[in-house]
1. Explain nothing, just compute: Karplus ³J(HN,Hα) = 6.51 cos²θ - 1.76 cosθ + 1.60, θ = phi - 60°, for every residue of segment 151-167 in order, whole Hz, x for Gly and Pro.
2. Label-point separation (nm) for Lys214 and Asn191, each offset 7 Å from Cα along Cα-to-Cβ?
3. Arrange the peptides 61-71, 94-104, 275-285, 172-182 so that the one whose residues have, on average, the most other Cβ atoms within 10 Å appears first.
4. Positive end of the charge dipole of the chain (Lys, Arg +1 and Asp, Glu -1 on Cβ, about the Cα centre): tell me which of Tyr64, Gly178, Val205 has its Cα farthest that way.
5. So how far apart, in nm, are the two label points at Asn385 and Tyr287 if each is 7 Å from Cα heading toward Cβ?
6. Just to be sure I understand the curve: with the Debye formula and one point per C-alpha of segment 257-359, what is log10 I(q)/I(0) at q = 0.17 Å⁻¹?
7. Please state the charge dipole magnitude for the chain, taken about the Cα centre, from unit charges on C-beta atoms (+1 on K and R, -1 on D and E), reported in debye and rounded to the nearest 20.
8. Given R₀ = 25 Å, what would the calculated FRET efficiency be for Ile71 paired with Asp223, taking r from the Cβ atoms and rounding to 0.05?
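Since every read-out is calculated from the coordinates, none of them should be taken as a lab result. Predicted model, so just to flag it, every value in this text is computed and none were measured. A quick note on method: Cβ atoms are made from the backbone with ideal geometry, for glycine too, and the neighbour counts reach across all protein chains shown.
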Amino acid sequence: MTQSFQSNFKSKLPNSTVSIFSKMSLLAQQHQAINLSQGFPDFDIDPKLTALVTKYMQQGFNQYAPMPGTIELRKAISEKYKHYYKIAVDPSEEITITAGGTEGLYSVIGTLIHPGDEVITFEPAYDSYSPSIQSFGGKVVPIELCAPNFAIDWNDVKAKITERTKLIIINNPNNPTGRILSQDDIKALENIIEGTGVYILSDEVYEHLVFDGKQHISVLQSDILRQRAFVVASFGKVLHATGWKMGYVITNPLLTSEFRKIHQFNVFSVNTPIQYAVAEYLDDPLYYSTLAPLFEQKRDFVIEELKATPFKVLPCEGTYFLLVDYSAITQEQELNFAEKLTIENKVATIPVSAFYTNSLNQNLLRICFAKKEGTLKLALQNLRNI
Ligand SMILES: Cc1ncc(COP(=O)(O)O)c(C=O)c1O
């Protein structure tokens, strides 16, 4: 009886399994390896922030927050955009607080995608894009970008646009490549969507982690893109608190009202005391400018230490990820080598092939350097022994 009932079950995501991040983190745990795989900091959040969350919990801010988020937090975000990007973002009608970047991405995709719609993604791609598109009946049209530069050929993008194309997803700065989009890329994107009905989803969760004096360009800075763009951001990356799952989505008032219809029946609203605490903590928008120097110093430390190993480092302009090429060591498949490195050398990384639909193998591993100096030192000692 039970068996025949289950045999009728039709999976919406037949090809999805446990994510590579969970898989490598578990392997790291089982083999007591240093975990440079999943993207989370191993250092504490600012105690001031913990105190603020405690304060708001003790003051009784423990019931449902307003569906779009507290106005205090939305105003703090709006101030940030004024300060960093010199643009006005209306806290009431253009910002919605989400349960992390992931819920933001999922709800944007849910807002736009009807069965049969096509979505252009760039691979290597963050792992939630494809399953989110598929769960709303959309078709993923991946464009493969290759090492070492992962540059986008915009003519190729133009050629992939059909009358079914609803959305293009970009991720800038990019996880896992660590590359950023230039003003020329933004111009090219403006040109190819002109005269089409294509929307843009810009995943900017690493917007404040851009190095070497370079500047992040938000799609909101482009008048052309802003009319049809959704920006997704995450406080997990900004406050070193990935476990809080707190983020936001910005889009114009019309699209915001459609977005909120999906968001409200997805999570309704998100964690109240944390919203109040973050709003107070981010009262000074200068806070954001402390992030790039912190992670740039960690990146430089890892690059310097890797010089004593056979790993070749690829350019990293942003995020807290670094790609390394291990061709000088072996030609093994990335997943095999990453597993071996975890078990034998006690350092867990992520095979970059996991970010491609067809598991493209380029002898690359992704290292997360959002770790304490002690953790990075130990990991690099192990890598030197290869
Ligand atoms: C590119 C990218 N987008 C979105 C997210 C999700 O952010 P959150 O943890 O806030 O859900 C991540 C998290 O690692 C990410 O790397």
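1. Once θ is set to phi - 60°, the couplings for segment 151-167 become 6, 8, 8, 5, 5, 5, 4, 4, 5, 8, 7, 10, 6, 8, 5, 9, 8 Hz.
2. 2.1
3. 94-104, 172-182, 275-285, 61-71
4. Comparing the listed Cα positions along the dipole, Tyr64 ranks first.
5. 4.0
6. Debye output, listed in q order: -0.93.
7. That gives the chain a dipole magnitude of about 640 debye.
8. Efficiency, from the Cβ-Cβ distance: 0.40.
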